[in-house]
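Okay, structure first, notes after.
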Amino acid sequence: ALNTDDTFTQAACVSSMLSDVDGFMEVLTQTTFSEGEAPFLKWVMMTLKGIERIDALHALAIQLSLTAELEAWRLELISLALPSEALIASFPSIIEMALRKLNDHKASTPLRVAALEMLCAGGLIKVPEDLTKFCRPEEPIEMQIAAVRMLSQHFPDKMPDWLLSAWPNLEPGLRREVLQSLTSRSALARTVVGQLSARPIPDLVRALSQ
């Protein structure tokens with residue numbers, strides 16, 4: 001495994017990558033990864049994306065998908081290479097595992113969140129109802145927050161109607177995430193405010209005015 005805790009090793013890897021991407025990737029794709037290398041691999045993937053070496057980025061994502069056990073850190077890294085229909089088609093087994101774990105309430109919450117985010121990044125969540133079902137009170141708050149974040153990113157036009165109907169039953173932690181999503185998207189906030197004039201919800205009006 002890469003000893004990426006060693007600053008000297010990290011610097012050498014960076015220099016090697018920038019001077020010879022193909023040679024660096026040849027070594028990297030023969031390396032066994034563990035969770036400890038996740039921050040370094042994230043840097044590598046973001047750099048490959050920045051220098052537009054999408055072929056190498058996809059090759060690394062495919063390597064990360066070759067696992068018998070689904071792990072949150074792998075899914076988070078694979079998400080960096082999405083969306084890509086060709087890439088999704090390259091690892092059907094990990095997609096199947098992610099879908100299964102997403103709906104398995106016995107699976108760890110971080111794994112389910114990572115599965116949800118990867119499936120959204122890959123365009124595999126087709127309708128907003130497949131997200132809003134994870135906003136129910138029986139779901140862990142981390143799962144609810146992730147679902148709201150994905151809803152605002154991938155289905156922003158559907159969020160106002162959902163918000164007006166769901167707001168009275170949302171937990172405080174989820175309300176904060178909703179408000180943050182609104183304040184980061186001015187057009188979305190204006191839509192909600194406009195709808196509130198016809199369907200006033202006092203708690204939501206007060207929260208938006210603060």
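The values are calculated or read from the model by the stated rules, or taken from the named source; none is laboratory data. Keep in mind the model is a prediction, meaning the values are calculated, not measured. In this analysis, Cβ positions are derived from the backbone assuming ideal geometry, glycine residues included, and neighbour counts consider all displayed protein chains. These area figures cover heavy atoms from the full protein model, side chains too; ligands, DNA and RNA do not enter into them. Shrake-Rupley method; radii C 1.70, N 1.55, O 1.52, S 1.80 Å.
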remark   = Residue hits (the range 16-32; within 19 Å of Ser65 (Cβ to Cβ) and open to solvent by less than 20 Å² (accessible area, probe 1.4 Å)) are Met25, Leu28
task = Sort out which residues of the range 44-86 are among the acidic types (Asp, Glu), open to solvent by 60 Å² or more (accessible area, probe 1.4 Å) and under 16 Å from Met97 (Cβ atoms), and write them in order of number.
result = Glu69, Glu76
remark   = Of the conditions (1) aromatic (Phe, Trp, Tyr); (2) open to solvent by less than 10 Å² (accessible area, probe 1.4 Å); (3) modelled with pLDDT under 90, the single one that Trp162 does not satisfy is (2)
query = If Val127 passes every condition in (1) open to solvent by 50 Å² or more (accessible area, probe 1.4 Å); (2) in contact with a Lys or Arg (Cβ under 8 Å, 6 or more places away or on another chain) but one, which one does it miss?
reply = (2)
task = At least 2 residues that are of a type in the set (D, E, K, R) in each: list the helices (runs of 4 or more DSSP H) lying fully within the range 50-128 that qualify.
result = 72-79, 92-102, 109-121
query = In the range 30-49, how many are over 16 Å from Asp20 (Cβ atoms), in a helix (DSSP H, G or I) and not aromatic (Phe, Trp, Tyr)?
reply = 10
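Table: residues versus (1) in contact (Cβ under 8 Å) with a residue 40 or more places away in the chain; (2) among the β-branched types (Val, Ile, Thr).
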site	(1), (2)
Ala59	no, no
Gln63	no, no
Leu66	no, no
Leu75	yes, no
Ile78	yes, yes
Ala81	no, no
Ile88	no, yes
Ile94	no, yes
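Answer yes if at least one residue in the range 126-135 is of a type outside the set (D, E, K, R), more than 30 Å from Pro168 (Cα to Cα) and at pLDDT 90 or above, and no otherwise. Before the answer, list the steps.
Step one: list which residues in the range 126-135 are of a type outside the set (D, E, K, R), which gives 127-128, 131-132, 134-135.
Subset that is more than 30 Å from Pro168 (Cα to Cα): none.
Scanning the range 126-135, I find no residue that is of a type outside the set (D, E, K, R), more than 30 Å from Pro168 (Cα to Cα) and at pLDDT 90 or above, so the answer is no.
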inquiry  = Testing Ala121 on (1) open to solvent by 30 Å² or more (accessible area, probe 1.4 Å); (2) out of contact with any Cys (no Cβ under 8 Å at 6 or more places or on another chain), one condition comes back false. Which one is that?
reply    = (1)
